[in-house]
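Just below is one structure, and these are the notes that go with it.
The values are calculated or read from the model by the stated rules, or taken from the named source; none is laboratory data. Just so we're clear, the structure is a prediction, and the values are computed from it rather than from any experiment. Virtual Cβ from ideal backbone geometry, glycine too; neighbours counted across all protein chains shown.
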Amino acid sequence: MAAGKIQPADQVRIQFRDKSEKWRFIKKYKALYLLSLPGILYFLVFKYVPLAGSLMAFQDYDLFKGFTGSAWIGFDHFKSMFAYPDFMRILTNTLLIAIYSLVFAFPIPIILALLLNEARKVMFKRTIQTIIYMPHFLSWIVIGGISIEILSPSTGLVNHFIVWLGSAPIYFMGEEAYVKAIIVLTGIWRDAGWGTIIYLAALSAVNPDLYEAAEIDGASRWKQTTAITIPVLMPTITILFLLQIGNFLDFGFERVFVFLNTLNADKGEILDTYIYRVGLIDKQYGYTTAVGLFKSVVGLVLIMLGNTLSKKTTGEGLY
């Protein structure tokens, strides 16, 4: 098959008759290859090379002996992991926070995109977009500091309102019952607006003639949304949902760590903060590598199952 000619269906590849033809093709599109080089290097250095460290999960790893000198212990770390009572508590915390985030946080950018898509005043639309995007550019340290101040029992805005209603102030950061809600809600505040960018970009591809034809046929705004807008968004929603499923146990260290203290850690600690505490502070490198490998395997299984189910039901998938 000649260079530059694409095979049909899902067998998309370019075949070359010889190496010289291949190099001519690369030279022709060298600008695109150079643009992709930083991304390729990023994944090689930070994603693929560290995979070699997975060997520590099967070793009694010694920092000074390295991979070659450390003793092999097989699946002992995994046995200890599931036998340790604290691990099951932390795994439960991680699962609950991930489920809450999936149920409550994932739909918010979709709803915001649908609402902004209905806005007719361009200035109003751009102002709202800017306001809801801005928190994304703040670090989790800043987000944590702002949230702690807002929820402070003495000076916080929320407790001032609670006292105004005639109730006693609540120490939100010291109560185990509130920590999961705080983590999820601050995540929504920070990232919901940024997530709408993808959905608004997808909606920009909708042909306005479709809405005009629907309006002529007497369709209401709600009917136009359900019959035109949401079907256009479904492929994007499916892809982002699958990506979130793949990161189900990888909730993020910094977004949780900033809210943890000795009073709420029992219900707020997740696998990422546990790996930091046990692996880096207590220096149990092999054990926490096993925990991290367990997270990765679960994520891989979930994304493969989700992709298979998605392709069977909607025809859309990651691969």
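Of Gly218, Gly292, all but one fail to be small (Gly, Ala, Ser) and not in a helix (DSSP H, G or I); the exception is Gly218. Assess whether Gly174 counts as being closer than 18 Å to Arg255 by Cα, in contact (Cβ under 8 Å) with a residue 40 or more places away in the chain and under 22 Å from the mean Cα position of the chain (by Cα). Here the answer is no, as Gly174 does not meet what is asked.
The single condition among (1) part of a loop (DSSP other than H, G, I, E, B); (2) at negative phi that Ile188 does not satisfy is (1). When the stretch 146-178 is filtered for residues that are under 20 Å from Lys267 (Cα atoms), not β-branched (Val, Ile, Thr) and not in a loop (DSSP other than H, G, I, E, B), the ones remaining, listed by number, are Ser147, Phe172, Met173, Gly174, Glu176, Ala177, Tyr178. Residue selection: Trp164 satisfies the criterion of being farther than 30 Å from Ile99 by Cα, modelled with pLDDT of 90 or more and among the hydrophobic types (A, V, I, L, M, F, W, C). The residues in the stretch 225-273 that are assigned to a helix (DSSP H, G or I), more than 26 Å from Phe172 (Cβ to Cβ) and of a type outside the set (A, V, I, L, M, F, W, C) can be counted, and the count is 9. Out of the stretch 81-121, which residues are farther than 30 Å from Ser204 by Cα, within 24 Å of the chain's Cα centre (by Cα) and not aromatic (Phe, Trp, Tyr)? Residues satisfying the conditions are Met88, Arg89, Ile90, Leu91, Thr92, Asn93, Thr94, Leu95, Leu96, Ile97, Ala98, Ile99. In summary, helices (runs of 4 or more DSSP H) completely within the stretch 9-108 and bearing 3 or more residues that are touching a Lys or Arg at 6+ places or on another chain (Cβ under 8 Å) and either surrounded by 15 or more Cβ atoms within 10 Å (Cβ to Cβ) or without any contact (Cβ under 8 Å) to a residue 60 or more places away in the chain (or both) occur at 85-100. Of everything in the stretch 297-314, what is free of Cβ contacts under 8 Å to residues at least 12 places away in the same chain and either surrounded by 17 or more Cβ atoms within 10 Å (Cβ to Cβ) or closer than 16 Å to His77 by Cα (or both)? Give them in sequence order. Selection gives Val297 alone.
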